[in-house]
Amino acid sequence: MADDFGEKTEAPTQRRREESRERGQVVKSMDLTAAIALLGAMVALNSFGPELLREMIGMMRRMLTFSLSDTNTASSMKELMFIGLTLLAKLTIPVCLIMTVVAVVVTLTQVGFLLTFHPLMPSFSKINPISGFERMFSIESAIKMGMNLVKVGLIGAVAYLTIKSKLGQIVILSSMDTWQIIGLAGELMFLLGIRMGVILLVLAIFDYGVTWFQNEKKLKMSKQELKEEMRRMEGDPLVKERRRRVARQLMAQRMQHAVPKADVVITNPTELAIAIKYDAETMAAPKVIAKGADHLAARIRQIAIKNGIPIVERKPLARAIYKTVEVGQEIPPAYYKAIAEILAYVYELTGKKLEEVKKDASVKSIPSSRMS
């Protein structure tokens, strides 16, 4: 039934994930970035805030004691403006810089480096009122609205509890001096920032999890989509070339281990090479344990020479076996006699007793004069 209705039950392929990323559809939580940036700003203000506060108070005192009757009014005004702008820069630039760096790092941690203009491309679905209503009343929109309501409620509760904890000091502000009032205001601001940042961070982690789950759900594929994807991937020239390269590597590895075990290598002599092995105790007939053409044939010959495996040139036989017998298969009965003669010749060269190891009918058909 899942197939009939196109139900998406299959895990997404790597290619589907890559296409989704190219379209800019990645798992990202802006709340997570904002929460960590806020906490970073609070830590920064707590580090160099007191020094800036002292400079600000000194400037305020100077402004309050400034007299328009001074003889050098213009230069004094310029000096005050310069000091004020410098102080403003000292206060805002470090905080903004820290928040920017934190935001960039958190975003890169979530999605990595990604440059795509696909979300900026015009799309009818973006202006289609029906699609807009569907998005407005979707489960995702309901979850986001619920998250925003929870966020507002928790932030309000944190603000209320923080102010309430300092209410005893707030009601006696009139009896405090300037330093005490400024200190209380700074403490309240820091507590509010840290507590709100922590609350936002917890909610942002939950939001990231929800976003990840929704994205995984969108990426899921129906069985038909999966079949089409596999078909498309198999037709990809890059995929085919990669598979051929891996197959060649595996073949070379197998050949490296198989050829030294051969009894003989039959060649064309330069274009083809087939490694043959026969063990009367474990095999019903001789087997092809390696074969290759061109550079693979040359490699088989090199391995055979290195390991002392006899090489016999038989052009028609080499061509026939190469075309009809795959690696791991037994030699067909039609070639028994030819292979038996070659093995007999090899055993004569190596001094091996043919009767001790070759007992099948094909070998027995060799004239006794050819056996040692």
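Applying a 10 Å radius around every beta-carbon, put 215-225, 245-255 in order of their mean neighbour count, most first. Mind dumping the intermediate values first?
Details: 215-225: 14.4, 245-255: 12.5.
So the order, starting with the most tightly packed, is 215-225, 245-255.
Beyond 23 Å between alpha-carbons counts as too far, so tell me which of K218/K240; K277/K315; K291/K337; K8/K151; K151/K220 fall in that bin.
Working: K218/K240 29 Å; K277/K315 19 Å; K291/K337 20 Å; K8/K151 33 Å; K151/K220 30 Å.
With Cα atoms farther than 23 Å apart: K218/K240; K8/K151; K151/K220.
Can you tell me the length gained on complete extension of the stretch E18 to K306, counting 0.36 nm per residue apart and subtracting the Cα distance?
98.9 nm
Once phi is turned into θ = phi - 60°, what whole-Hz ³J(HN,Hα) does the Karplus curve with 6.51, -1.76 and 1.60 give for every residue of the stretch 327-341, x standing for Gly and Pro?
Values, residue by residue: 4, x, 8, 7, 5, x, x, 4, 10, 4, 4, 5, 5, 4, 5 Hz.
With a sphere of radius 9 Å drawn around the Cβ of V288, what net charge do the other residues whose Cβ falls strictly inside it have (Lys, Arg +1; Asp, Glu -1)? Provide the component values of the computation, followed by the final result.
Details: positive: K277, K287, K291; negative: E326, E330.
That works out to +1.
Readers should treat all values here as calculations from the given coordinates under stated rules, not as data from a laboratory. Not measured: the values here are computed from a predicted model. Here Cβ is always computed from backbone atoms with ideal geometry, including for glycine, and neighbour counts include all displayed protein chains.
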